[in-house]
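Working notes for the structure below.
The values are calculated or read from the model by the stated rules, or taken from the named source; none is laboratory data. As the structure is a computational prediction, the values presented were derived from the model and not from experiment. Ideal geometry is used to build each Cβ from the backbone, glycine not excepted, and the neighbour counts take in all protein chains shown.
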Amino acid sequence: MNNKDNLFDISFPLIAAAGPYSGNIKGIKRLYEIGFDYITTKTITDKADYISGSIAIKNGMTFNKDGFSNINFSDWIISLKHFHLLDRVIVSIFSKDVEEAINIACEMEAIGVKYIELCCSCPTFGEEPLCFNEVLLYEYCKALSSKIKIPIIVKLLLSTEEKKNRRMVEIVKKSGCHAVSVTDCLPIIEFDDEGKFEKKGMTGDFMKFLVLKFLEDTKEINFPKIAIGGVSSSRDCINYFKLGAIGVGQCACLYTKGVSDVIDTIKRTKQILEEEEL
Ligand SMILES: Cc1cc2nc3c(=O)[nH]c(=O)nc-3n(C[C@H](O)[C@H](O)[C@H](O)COP(=O)(O)O)c2cc1C
């Protein structure tokens, strides 16, 4: 399965990354109509207290304090079970408790879900993303991959350190999971108008240069990588593919650029992919 040709049934898919739009079935349908090949759900957890919900756009940057899905896991099961686009859905999951994560993944597999994304990247609540703890990352991924058969994509937060980027990908590969996706929002601190600061996630144009570096850092590792972060044009998508990504994900552009711009980006990217025969 560690082969770019059999992870997805579409070459070079364009993927809607987990975000507010993919927080329910209606949003997922809309993202499919917009032209995405696959849609990643907002991260589904076993706990409802992860909800918080805010997104702000300033100076071309997106600040995320959106939390995980506010629809609980059993309601997701009900709505996904007979969903006609289930083949196009990547279900993003997270739990601090690996047994709970296994339970969510097993139930998703049982209803016919085709892909799981394990969210090991989330910095939104001011905690260290799980992916930076190498021992935990291995144990978590290994436990999950030994229990479910469908492909598991492990979402990582990139590091500025080349060695760390390589280590994370090697660990996921060794664990038996099937791909990595990178990246989430970067952990930052922002002051509000009253002078108080808050921990948040941030994305924007700058992200693409870091994602490109991640792809370059890890290019010798033969393992499927999905590149997410900072995409705002077809050229950005193509550059990710050229540096070895097997798929490209987008999220904030739906807010920063707007839906019609995203539709154009998808169409244009598909055109270039045909013309350039990557
Ligand atoms: C408002 C907002 C909510 C998000 N929610 C999730 C989430 O539930 N799960 C997840 O893995 N990533 C989540 N993300 C991260 C995105 O999936 C994506 O990885 C990140 O925003 C970088 O891509 P972009 O620059 O195209 O937005 C969220 C991002 C934003 C801006």
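In segment 200-226, the residues that are in contact (Cβ under 8 Å) with a residue 24 or more places away in the chain form Cβ pairs under 7 Å with partners that are of a type in the set (Asp, Glu), at six or more places apart or across chains, as follows: Lys200/Glu190; Gly201/Asp184; Lys208/Asp236; Asp217/Glu162; Ile221/Glu170.
Determine whether Glu117 is within 26 Å of Ser79 (Cβ to Cβ), acidic (Asp, Glu), touching a strand residue (DSSP E or B) at 6+ places or on another chain (Cβ under 9 Å) and part of a strand (DSSP E or B). Spelling it out, Glu117 is indeed within 26 Å of Ser79 (Cβ to Cβ), acidic (Asp, Glu), touching a strand residue (DSSP E or B) at 6+ places or on another chain (Cβ under 9 Å) and part of a strand (DSSP E or B).
Considered as a group, the residues in segment 159-203 that are surrounded by 14 or more Cβ atoms within 10 Å (Cβ to Cβ), at pLDDT below 95 and of a type in the set (Lys, Arg) include one that is farthest from Phe12 (Cα to Cα), and that residue is Lys199.
Would you mention how many residues in segment 50-103 are part of a helix (DSSP H, G or I) and away from the ligand (no atom under 15 Å from the Cβ)? Total meeting the criteria: 15. When Met168 is tested against the conditions (1) within 16 Å of the ligand (Cβ to nearest atom); (2) out of contact with any helix residue (DSSP H, G or I) (no Cβ under 7 Å at 6 or more places or on another chain), the lone failure is (2). Is it true that some residue in segment 219-231 is away from the ligand (no atom under 16 Å from the Cβ), part of a strand (DSSP E or B), surrounded by fewer than 16 Cβ atoms within 10 Å (Cβ to Cβ) and more than 15 Å from the chain's Cα centre (by Cα)? Among the residues of segment 219-231, not one is away from the ligand (no atom under 16 Å from the Cβ), part of a strand (DSSP E or B), surrounded by fewer than 16 Cβ atoms within 10 Å (Cβ to Cβ) and more than 15 Å from the chain's Cα centre (by Cα), which makes the answer no.
Once segment 33-49 is narrowed to residues that are more than 9 Å from the ligand (Cβ to nearest atom) and part of a loop (DSSP other than H, G, I, E, B), the residue that is modelled with the lowest pLDDT is Lys47. Checking each residue in segment 10-23 for being in a loop (DSSP other than H, G, I, E, B), more than 10 Å from the ligand (Cβ to nearest atom) and at pLDDT 95 or above picks out Phe12, Pro13.
Contact annotation: residue pairs with Cβ atoms under 8 Å, 6 or more positions apart or on different chains, pairing a residue in segment 56-67 that is on the phi > 0 side of the Ramachandran plot with a partner that is of a type in the set (S, T, N, Q) and more than 10 Å from the ligand (Cβ to nearest atom), are Gly67/Ser52. For segment 178-197, which residues satisfy the criterion of being part of a loop (DSSP other than H, G, I, E, B), in contact with a Pro (Cβ under 8 Å, 6 or more places away or on another chain) and within 16 Å of the ligand (Cβ to nearest atom)? Those that are part of a loop (DSSP other than H, G, I, E, B), in contact with a Pro (Cβ under 8 Å, 6 or more places away or on another chain) and within 16 Å of the ligand (Cβ to nearest atom): Asp184, Cys185. Across segment 232-278, the number of residues qualifying as surrounded by 20 or more Cβ atoms within 10 Å (Cβ to Cβ), more than 14 Å from the ligand (Cβ to nearest atom) and outside any helix (DSSP H, G or I) comes to 1. Run down Ser54, Ser74, Ser69 and say which single residue is of a type in the set (S, T, N, Q), in contact with a Phe, Trp or Tyr (Cβ under 9 Å, 6 or more places away or on another chain) and surrounded by fewer than 24 Cβ atoms within 10 Å (Cβ to Cβ). Sole residue among the options that is of a type in the set (S, T, N, Q), in contact with a Phe, Trp or Tyr (Cβ under 9 Å, 6 or more places away or on another chain) and surrounded by fewer than 24 Cβ atoms within 10 Å (Cβ to Cβ): Ser54.
The set of residues in segment 118-158 that are under 17 Å from the mean Cα position of the chain (by Cα), without any contact (Cβ under 8 Å) to a residue 40 or more places away in the chain and crowded, with 19+ Cβ neighbours inside 10 Å comprises Cys120, Leu130, Cys131, Leu137, Cys141, Val154, Leu156, Leu157.
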